[in-house]
């Protein structure tokens with residue numbers, strides 16, 4: 001066999017391998033897109049809706065779902081003809097919370113905060129400039145939850161996000177704004193950088209942040225940071241409830257309770273709460 005023939009076959013083999021690799025990467029990307037879409041709605045999706053939401057053909061979505069179902073990452077509800085996130089997605093995702101080994105230690109403090117305020121208490125962290133809810137203690141009162149455990153929200157649109165942003169330098173805050181913008185979710189959303197910086201200055205003085213119907217009308221959130229041993233933000237806790245219960249008159253009291261419980265959790269975790277000048 002001549003050298004040219006050998007070289008040509010080698011190139012053909014390499015091209016085929018690269019094509020397989022690229023196709024595999026594309027399939028993984030598409031499968032993850034399907035899982036992310038399924039995770040956005042607990043009600044599940046029909047095949048046709050998944051195709052529309054992901055921008056993929058129905059045949060491609062069906063093929064990927066079959067593979068994911070065989071690995072138990074998704075499950076099919078035959079009664080409603082809808083696809084849902086499967087048990088393996090939960091077990092894999094739960095490792096994220098386990099890696100944040102302070103989650104279990106935070107539970108008694110969330111329970112205390114829930115009982116003190118009679119509102120839902122949340123524990124969240126920052127991941128890729130988004131807020132991720134790790135766990136929560138549900139209020140015994142009727143309420144509308146803005147985010148579910150595992151849900152992601154933009155930092156500038158949440159009380160927890162603003163509490164953490166208040167620990168950032170101005171340049172770091174500007175970087176977050178450049179990357180993710182300032183979406184208007186309600187008529188009360190903060191959409192101007194100058195207004196956000198004024199708000200963060202207030203947060204630094206009070207030691208807690210407020211989402212005043214900025215993400216969802218009728219819902220308020222009060223949050224404070226939990227710090228690590230270097231006095232850096234480790235996580236944040238918050239309470240969320242209806243404006244009819246977290247009234248203007250009650251906000252300072254709720255803010256104080258959230259701030260104090262956050263400081264208690266910080267101490268329990270061996271962290272250091274920075275000294276702030278409070279009003």
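The table for this structure:
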read-out	value
Among (1) under 30 Å from residue 254 (Cβ atoms); (2) at pLDDT 90 or above, the one test that residue 83 misses	(1)
Residues of region 33-47 satisfying the condition of being part of a helix (DSSP H, G or I) and either in contact with a strand residue (DSSP E or B) (Cβ under 8 Å, 6 or more places away or on another chain) or surrounded by fewer than 12 Cβ atoms within 10 Å (Cβ to Cβ) (or both)	34, 35, 37, 38, 47
Subset tally (residues that are under 21 Å from residue 234 (Cβ atoms) and either surrounded by 24 or more Cβ atoms within 10 Å (Cβ to Cβ) or out of contact with any helix residue (DSSP H, G or I) (no Cβ under 9 Å at 6 or more places or on another chain) (or both)) for region 111-124	7
Unique residue being at pLDDT below 90, under 30 Å from residue 242 (Cα atoms) and outside the structural domain of residue 221 (by TED's automatic domain parsing) when the list is 41, 29	41
Flag if residue 89 is surrounded by fewer than 12 Cβ atoms within 10 Å (Cβ to Cβ) and without any contact (Cβ under 8 Å) to a residue 60 or more places away in the chain	no
Which numbered condition residue 270 misses (of (1) buried (at least 17 other Cβ atoms within 10 Å of the Cβ); (2) out of contact with any helix residue (DSSP H, G or I) (no Cβ under 9 Å at 6 or more places or on another chain); (3) at pLDDT below 90)	(1)
The listed residue being in a helix (DSSP H, G or I) and either at pLDDT 90 or above or touching a strand residue (DSSP E or B) at 6+ places or on another chain (Cβ under 8 Å) (or both), out of 52, 92	52
Every residue from region 95-122 that is modelled with pLDDT of 90 or more and touching a strand residue (DSSP E or B) at 6+ places or on another chain (Cβ under 6 Å)	106, 110, 111, 113, 114, 117, 119, 120, 121, 122
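The values are calculated or read from the model by the stated rules, or taken from the named source; none is laboratory data. Since we're looking at a predicted model, the values are computed, not measured. Cβ sites come from the backbone with ideal geometry, for glycine too, and all protein chains shown count toward neighbours.
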